[in-house]
Every structure is written in structure tokens, then in C-alpha cells.
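Have a look at the structure below, then the notes.
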Amino acid sequence: MSTIRVLVADDHPVFRDGLRALLYSLPETELVGEAKDGQEAVAEAARLQPDVILMDIKMPGLNGIEATRQITAENPQTGILIFTMFEEEETVFSAMRAGARGYLLKEADQEEVVRAIQAVARGEAIFSPLVARKLINYFASPRPKSVSELFPDLTEREGAVLDLLARGYPNPRVAEQLGMSNKTVRNHVSNIFNKLKVADRTEAIMRAREAGLGQ
């Protein structure tokens, strides 16, 4: 394989320093750029056309999932490897729907990082072992009725928000899990109240839990 051109998008300078040192030490990779937030990642991806982007999720302004969605829409040939602390299934699914090819946790060692970069550059899908086990367990478990079946008036995103509300997540945590802004979450919550004809958050959570959400 020819040299893999890599862009790193992460708002933590220390973490970027570590990745920079790793990538410089590898003959098969070339660090072509860095971004401190999602908007900069989108701009640098368009300018540099990297083979692989190592993308954090929680960044100021535009988050990593929305940045992934924008980049893959404009540059589908660029492979995006999510590199994050978040391991919940909802976050993984949101990242994959946005177009990411891989999902790696920041606890990964250097060999895992290198393998993941190489796999994504080849067009393969790759997950951290812990994330892969979670996904296997998720799909192997008997599935309850989907949110769309339980609440057909809700959109897919509203259903995902409602499920997290039923788990007791506050709006900022919902935003982190689903890769949304706090304003977008507030709008979804308001729509949920209207569609379920409930007066407040407590009543919406009760309806959701009675239907089996938030397990």
C-alpha cells in the first residue's frame, strides 16, 4: 500500500501531540494536517483530500459526527475513523450512519491504531474490540419493539432522543450521544412533547418507560 495520508481532528493538543508522534514514526503514514474542531476538519478535508481522518466526537462548535456527515457527503473516498472515549451503541450507530468506516476507543494501543488506520484506508470497517462485543451483544439479544413501532408519529431522531430521555439522560448528554447540538435536542424534545401530547419531560419519560424504552 502507498503512503496513507492522514488528517487528525481533535480539540485536545496533548492528544494531537501523541498522534503526531505516532504517525511521524510510521513509514506507511503521512500526517498531512490537523484540525481543532469539526468546522476546521471539514475545511481541511476539502483542502487536503486525506485518505483517512482520525475524528474525535466531542469538539467545540461542529461535533465530530456532524463533521463526518458533511465530509463523507462531499468526499466519499475519504475514510473516517472515529477516535473517541464514547462507547455507547447509540453513538456508534450515529457515527456509522454519518458515514464513518471505523470506531476506535482512545484507550487503544499503538498497534490497534495502526491496524485501524490501515483497514480504513483499504475501505474496510473496523471497531475496537470492546465496541465490537457491545454490537454483537446488541444484535444477538432479543429485540423489543422499535421506537417507530411504539410511537409511529416520531421521526427516527426523535425516537432516539426519547429513548435516551427514558434512560435519564439530560439534554447535554443526549447531544453528546447522538452528535447533535443542544439546540437541536431541545427542538426534538419539544416536538416529542407535542406528538405524544404530554405536558413535560417527566410525563414523556413515564410514557416511554411504560412502553419499554430506556432499558
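The values are calculated or read from the model by the stated rules, or taken from the named source; none is laboratory data. If you're wondering where the values come from, they're calculated on a predicted model, not measured in any experiment. As a convention, Cβ positions derive from the backbone with ideal geometry for all residues, glycine included, and neighbour counts pool all protein chains shown. Quick note on the areas: whole protein, heavy atoms, side chains included, nothing else; ligands and nucleic acids left out. Shrake-Rupley method; radii C 1.70, N 1.55, O 1.52, S 1.80 Å.
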In the set LEU62, LEU104, which member is in a loop (DSSP other than H, G, I, E, B), among the hydrophobic types (A, V, I, L, M, F, W, C) and open to solvent by less than 50 Å² (accessible area, probe 1.4 Å)?
-> LEU62
Number of the exception - ASP109 against (1) free of Cβ contacts under 8 Å to residues at least 12 places away in the same chain; (2) crowded, with 24+ Cβ neighbours inside 10 Å = (2)
How many residues are more than 18 Å from ALA100 (Cβ to Cβ) and not in a helix (DSSP H, G or I) when one looks only at the range 18-42?
-> 11
Among the residues of the range 170-215, write down those that are of a type in the set (Lys, Arg) and either buried (at least 17 other Cβ atoms within 10 Å of the Cβ) or part of a helix (DSSP H, G or I) (or both).
-> ARG173, LYS183, ARG186, LYS195, ARG201, ARG207, ARG209
Tell me, yes or no, whether the range 73-81 has at least one residue that is at pLDDT 90 or above, on the phi > 0 side of the Ramachandran plot and open to solvent by 30 Å² or more (accessible area, probe 1.4 Å).
-> no
Out of curiosity, is ALA95 touching a residue at least 60 places away in the same chain (Cβ under 8 Å), assigned to a helix (DSSP H, G or I) and crowded, with 23+ Cβ neighbours inside 10 Å?
-> yes
Scan the range 136-143 and give yes if some residue there is open to solvent by less than 80 Å² (accessible area, probe 1.4 Å), at pLDDT 90 or above and farther than 27 Å from LEU62 by Cα, otherwise no.
-> no
Test ALA166 against the stated conditions and say whether it is over 18 Å from the mean Cα position of the chain (by Cα), surrounded by 20 or more Cβ atoms within 10 Å (Cβ to Cβ) and not charged (D, E, K, R).
-> yes
Out of curiosity, is LEU7 of a type outside the set (Val, Ile, Thr), part of a loop (DSSP other than H, G, I, E, B) and either in contact (Cβ under 8 Å) with a residue 24 or more places away in the chain or touching a strand residue (DSSP E or B) at 6+ places or on another chain (Cβ under 7 Å) (or both)?
-> no
Name the pairs: first residue in the range 13-35 and among the acidic types (Asp, Glu), second residue open to solvent by 60 Å² or more (accessible area, probe 1.4 Å) and at pLDDT below 95, Cβ to Cβ under 7 Å, at least 6 apart or on different chains?
-> GLU28/MET1; GLU28/THR3; GLU30/THR3
